[in-house]
1. How would you classify segment 204-248 from its alpha-carbon gyration tensor, with a ≥ b ≥ c the square roots of the eigenvalues: rounded for a/c under 1.5, else prolate if a/b is greater than b/c, otherwise oblate?
2. Grab the DSSP H runs of the chain that are 4 residues or longer, score each as -39,500 (n - 2.57), total them, divide by all residues and round the 222 nm result to the nearest 500 deg cm²/dmol.
3. Along the charge dipole of segment 9-216, Cβ charges K/R +1 and D/E -1, which of 84, 112, 183 sits furthest on the positive end?
4. If one computes P(r) from the Cα atoms of segment 101-149, what percent of pairs lie at distances over 12 Å?
5. Given points 7 Å out from each Cα along the Cα-Cβ axis, report the residue 27 to residue 230 separation in nanometres with one decimal.
6. Along the three principal axes, how long is segment 75-174 when you take its alpha carbons, biggest first, rounded to the nearest angstrom?
7. Antiparallel as a % of all DSSP beta bridges within segment 9-216, to the nearest 5?
8. Could you tell me what a quarter of the Cα convex hull surface of segment 122-197 works out to, in nm² with one decimal place?
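Bear in mind that the values in this text are calculations on the coordinates, not laboratory data. In this text the structure is predicted, and so the values were computed from the model without any measurement. Backbone-built Cβ (ideal geometry, glycine too); neighbour counts: all protein chains shown.
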Amino acid sequence: MAEADQPSTARMIDFWLGGEHHFPVDVAAARAFETAYGPCAAIFRSLRDFLGRVVRSIADAGADGFLVFGAGVPAQGNVHEVASEATVLYTDVDPVTIRLGQRLLAASDRAGYGFGDATDLGTIDPAQLHRFVPGWGRRPVGVVFLGLAAFLDDATLARTLDELYEATAPGSFLAIDFDSEELTGYPEALAMMGPAFRMRPPAAFAPLLGRWQPTADGIVPVAEWRVAGRPAAVPDAFYGALATKPAS
C-alpha cells in the first residue's frame, strides 16, 4: 500500500499506542505535536483503555453488534479485539485509513471496514451495515463515537446524535467522548489542531447528548470511568460517557 502524504490523527494515535500501522509523515506530525504539548502516549493509552472498558460494558449488557465512527486503525485493543464475540463495522472518512483497515481485517468474518460520515448515515453502505451490525434499527447495538465531537459544532453534533438516536433500537448504547479546555494552556499545540477543533467546558457536554441518557457514571474524565483501582495520572483532556436509548 502506498504511503500517505498527509498525516492522519488515526495513524498518529497508532504511533502513540505503540502500533505498527502508521507512516513517517504520521510520526513526524506526532513528534511535532509533542514538541508543542508534551508526551501523548499515556493520554491516548488512557483513552484506549476507556474504549475497552466501555465496549466491554456494552457487550456485557447484551449488545453483540457495534457501529464505530471515526474508527482509525482497527488494532491495539480496538472494538473487535475487546468484544471478541461481537460483529463490528468500522467506518472512517480518510481513504488511506479505510484501505489500511480493510487490509488488516481482510481475513475476519466478524469485522468490516468502510466509508462512513457520522453526520450522514446515508453514506454507510447498507450491505455492510446489515452484515456486520445485524438487526440495525431492530435490536440493541453499540455505537462508538470517539474522537469526533471536537470536530463538530454544537448544532451539527446535536443533530448527528439525535439522528443516531432515531436510527437505533431501544436499548442501544452510545460511547462518546468530549475534548475539555485543557489544551488552551498550549497555544502552539492548539494551533496545530486547526480552526474546526472545538473544546468545551464540562458543563456543556450533557446538553449535547439530547435524548441519549448517560448512565449513572455520568460524564467524567476518561481515566476515571469505571476504572478498577487508581485512575491513570493523565491530564483531564478527554471526558467520556456511556449513554443509552432507554428500552421501551
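1. oblate
2. -10000 deg cm²/dmol
3. Comparing the listed Cα positions along the dipole, 84 ranks first.
4. Pairs farther apart than 12 Å: 70 percent.
5. Each label point is offset 7 Å from its Cα along the Cβ direction, giving 3.4 nm.
6. Taking the Cα atoms of segment 75-174, the three principal extents are 39, 30, 24 Å.
7. Approximately 5 percent, going by the DSSP bridge assignments.
8. 6.1 nm²
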